[in-house]
Amino acid sequence: MKIRWLLLSLTILSALSLFAQQTPQSMADAELPSLLGIYKDIHTHPELSGYEERTAALIAQELRAAGCQVTEHLGKYENSKLKGYGVVGVMKNGDGPTVLVRTDMDALPVEEETGLPYASKAVTKNDEGKDVHVMHACGHDAHMAAFIGTARALAKLKDQWHGTILFVAQPAEETGNGARALLKDGLYEKFGKPNFALGFHDKADLETGRIGVTEGYTYANVDSVDITVRGVGGHGAYPYKTKDPIVLAAEIINTLQTIASRQNNPLDPIVITVGSIHGGTKHNIIPNEVKMQVTVRTYKPDVRERVLADIDRIAKGCAAAAGVPPQLAPIVNVSKDLFCPATYNNPELTKRLVAIWRNSLGNENVEIVAPTMGGEDFSEYSLPDHSIPAVDFHIGAVEPAKIAEYKQAGKELPTLHSSQFAPVPEPTIRVGIIGMTSAVLDLMK
Ligand SMILES: [Zn+2]
Ligand SMILES: [Zn+2]
């Protein structure tokens, strides 16, 4: 009799302790060892934007294992050669709101120099058929591990939420067209328009253990501009018999910098960066053309329109001043496909989540951070009218000691996209899971 009573109490006790464990924090801790394995696997097998075949299959398998109804091969690009590798996992749990949880999946053409034992050695062909190294230099691998951890946690916490969760694994974030490709393929028509959309991104200058967030606009409009500077080629020894597009391209680059310094209200942030310039084949040949690629960052729609017009006018004006005939004026093309609108964090939702995170991570571990001129196509999920409240938050990815050391030495930490950027996996993934899971639980309680 006594033994039976003892056994019964033990059963109740263990059931109670199990119940006590059901928090995002304990879920994250329990899943971390397995997620770390997944993280390293994804890290050593990075794939470029639009080519996320292996990664998408892995995510689909994990979402299925977590109990989601999974749809693969989602996404319609302008470029019909690109396949859509989007994955959506639907987790249903009775009536309630629909919440979209997003991760990105793509990596970058960067040769990894972190020296980590699991560093990427991957090489692949880019769109031009050239061999390029590939690296998860933006930490999307950490996002995916945290995303899978969140799906696993929410599957086990079904007694604490009601409604439908759309787990969206998005391709092609780096090229700014993946979210649009999913929406164009009927993401909201097929799976329902969500009541809220949530995303996260690791931050290369925020301490691990912390969440950072901006209320309102947080990432800028991104435009990609291609400029073909045309001239009349010839012998390098007789430049007067040519119209040299190289000297003209140099002139255009310098004049473009006067848009920010002389034509723009300094209280309206803008950035114009010429990131690529190619022209010519040999010392003594003046080529016929030079190609340049420019990234343009703005916030306000009217500033964006004006800056793009400025770039067009300056390119053509410099060519006219150099005596290039009108029929050879520079061709300035603003890519519609690569446009990425500014990301707007719904202020009311941001305030609500900040309160949740202060509770789940501690007051000191939630930071209001300044907006940046970076871009994020997470913006697309809130729709152009921001009718879907959305928040994209930052996860700290760097050891506090390292941040302090660099600060003291007056050195800059490796930024996102750097060949040396290496987030500390465990705490980054852990906070990703806790931040996302606690946010979803609150929105669906
Ligand atoms: Zn990136
Ligand atoms: Zn990124």
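The values are calculated or read from the model by the stated rules, or taken from the named source; none is laboratory data. On a predicted model such as this, the values are computed, not experimentally measured, just so you know. Glycine gets a Cβ as well: all are built from the backbone with ideal geometry, and neighbour counts include every protein chain shown. Each accessible area value is taken on the protein alone, full model and side chains, heavy atoms only, with ligands, DNA and RNA left out. Shrake-Rupley method; radii C 1.70, N 1.55, O 1.52, S 1.80 Å.
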Query raised in the report: What is the diffusion coefficient of region 235-361 in µm²/s, taking the Kirkwood radius over Cα pairs and the Stokes-Einstein relation at 37 °C with a viscosity of 0.692 mPa s?
Result: 188 µm²/s
Requested in this report: Provide the descending list of Cα extents for region 302-445 along its principal axes, expressed in whole angstroms.
Outcome: 65, 45, 20
Report task. Would you mind telling me which residue in 116, 383, 58 has the biggest mean-square fluctuation in a Gaussian network model of the chain, where springs connect alpha carbons within a distance under 10 angstrom? Result -> 116
Query - Gain on full stretching of the segment that runs from residue 321 to residue 348 - 0.36 nm per residue minus C-alpha separation - result: 4.5 nm
Query raised in the report: Taking 0.36 nm per residue of separation and subtracting the Cα-Cα distance, what length does fully extending residue 30 through residue 368 add?
Result: 118.8 nm
Report task. Taking amide H positions as placed in the peptide plane 1.01 Å from N, state which residues far from residue 234 in sequence (5 or more) or on other chains have amide H under 5 Å from it. Result -> 286
Query raised in the report: From the phi of every residue in region 96-110, what ³J(HN,Hα) in whole Hz does the Karplus formula 6.51 cos²θ - 1.76 cosθ + 1.60 yield, where θ is phi - 60° and glycine or proline is x?
Result: x, x, 9, 10, 9, 10, 10, 10, 9, 10, 8, 10, 10, x, 10
**Report entry** Approximate spin-label separation residue 411-residue 331, in nm, with each point projected 7 Å along Cα-to-Cβ
**Finding:** 4.5 nm
Query raised in the report: Of the residues 283, 43, 394, which exhibits the maximal mean-square fluctuation in a Gaussian network model of the chain defined by a 10 Å Cα contact cut-off?
Result: 283
Query raised in the report: Using θ = phi - 60° and the Karplus form 6.51 cos²θ - 1.76 cosθ + 1.60, what ³J(HN,Hα) does each residue of region 235-246 get, whole Hz, x for Gly and Pro?
Result: 6, x, 7, 10, x, 5, 8, 10, 10, 6, x, 6
Query raised in the report: Hey, rough spin-label estimate for residue 240 and residue 92, points 7 angstrom out along Cα→Cβ, what's it come to in nanometres?
Result: 8.1 nm
Query raised in the report: Going down the table (121/203; 81/291; 40/121; 184/336), which pairs top 19 Å between alpha carbons?
Result: 121/203; 81/291
**Report entry** R0 of 30 Å, Cβ-Cβ distance residue 162-residue 73: FRET efficiency to nearest 0.05
**Finding:** 0.50
Query raised in the report: Residue farthest toward the positive end of the dipole of region 195-261, with Cβ of Lys/Arg at +1 and Asp/Glu at -1: which of 218, 235, 253?
Result: 235
Query raised in the report: So for region 58-147, taking the charge dipole from beta-carbon charges (+1 Lys/Arg, -1 Asp/Glu), which of 93, 108, 143 sits furthest toward the positive end?
Result: 93
Report summary line: To the nearest 20 debye, region 267-320 has a Cα-centred charge dipole, built from +1 on Lys and Arg Cβ and -1 on Asp and Glu Cβ, of 120 debye
Query raised in the report: Per residue, how much accessible area does region 91-188 show when a 1.4 Å probe rolls over the protein heavy atoms, in square angstrom?
Result: 34 Å²
Query - Residues in region 145-174 that a label on residue 124 would reach, taking backbone N under 18 Å of a point 7 Å out along Cα→Cβ - result: 145, 169-174
Report summary line: Compactness summary of region 205-245: radius of gyration and Dmax from Cα atoms, Å, are 23.8, 64
Query raised in the report: Can you give the translational diffusion coefficient of the chain in µm²/s, computed by Stokes-Einstein from the Kirkwood radius over Cα pairs at 37 °C and 0.692 mPa s?
Result: 138 µm²/s
Query raised in the report: Taking H as built 1.01 Å from N, whose amide H comes closer than 5 Å to the amide H of residue 110, not counting residues under 5 places away?
Result: 134, 135
Report task. Once you have a ≥ b ≥ c as the square roots of the Cα gyration tensor eigenvalues for region 270-330, tell me rounded if a/c is under 1.5, and otherwise prolate or oblate according to whether a/b is larger than b/c. Result -> oblate
Query raised in the report: Which of 262, 306, 152 moves most in a GNM of the chain, Cα contacts under 10 Å?
Result: 262
Query - For region 291-358 versus region 383-419, the gap between their alpha-carbon centres in whole angstrom - result: 23 Å
Query - Packing-based order for 170-177, 69-76, 321-328, using average beta carbon neighbours within 10 Å, highest first - result: 170-177, 69-76, 321-328
Query - Charge dipole of region 380-445 about the Cα centre (unit charges at C-beta), most positive-ward option of 417, 429, 386 - result: 429
Query raised in the report: For q = 0.14, 0.29 Å⁻¹, what log10 I(q)/I(0) does region 164-227 give under the Debye formula with an equal point scatterer on each alpha carbon and no solvent?
Result: -0.62, -1.32
Requested in this report: Let me know the whole percent of all Cα-Cα pairs from region 151-289 that are separated by more than 26 Å.
Outcome: 57 percent
Query raised in the report: Which ³J(HN,Hα) values in Hz, rounded to whole numbers, follow from the phi angles of region 122-136 under the Karplus curve 6.51 cos²θ - 1.76 cosθ + 1.60, where θ = phi - 60° and Gly and Pro get x?
Result: 5, 10, 9, 8, 8, 4, 8, x, 8, 6, 9, 6, 10, 8, 7
**Report entry** Test item: Cα-centred dipole of region 210-298, Lys/Arg +1 and Asp/Glu -1 on Cβ, debye
**Finding:** 280 debye
Query raised in the report: From largest to smallest, what semi-axes in whole angstrom does region 95-174 give when each is the square root of 5 times an eigenvalue of its alpha carbon gyration tensor?
Result: 34, 15, 7
Query - In range of the label at residue 308: residues from region 339-370 whose backbone nitrogen is under 11 Å from the point 7 Å along Cα→Cβ - result: 339-341
Report summary line: Burial-style ranking of 179-187, 429-437, average other-beta-carbon count within 10 Å with highest first, yields 429-437, 179-187
Report task. Amide H neighbours of residue 367 under 5 Å, at least 5 residues apart or on other chains, H built in the peptide plane: list them. Result -> 211, 212, 213
Report summary line: Ordering 218-226, 80-88 by per-residue average of other C-beta atoms within 10 angstrom, highest first, gives 218-226, 80-88
Report task. Quick one: dipole size for the chain, taken about the Cα centre, charges +1 on Lys/Arg Cβ and -1 on Asp/Glu Cβ, in debye to the nearest 20. Result -> 420 debye
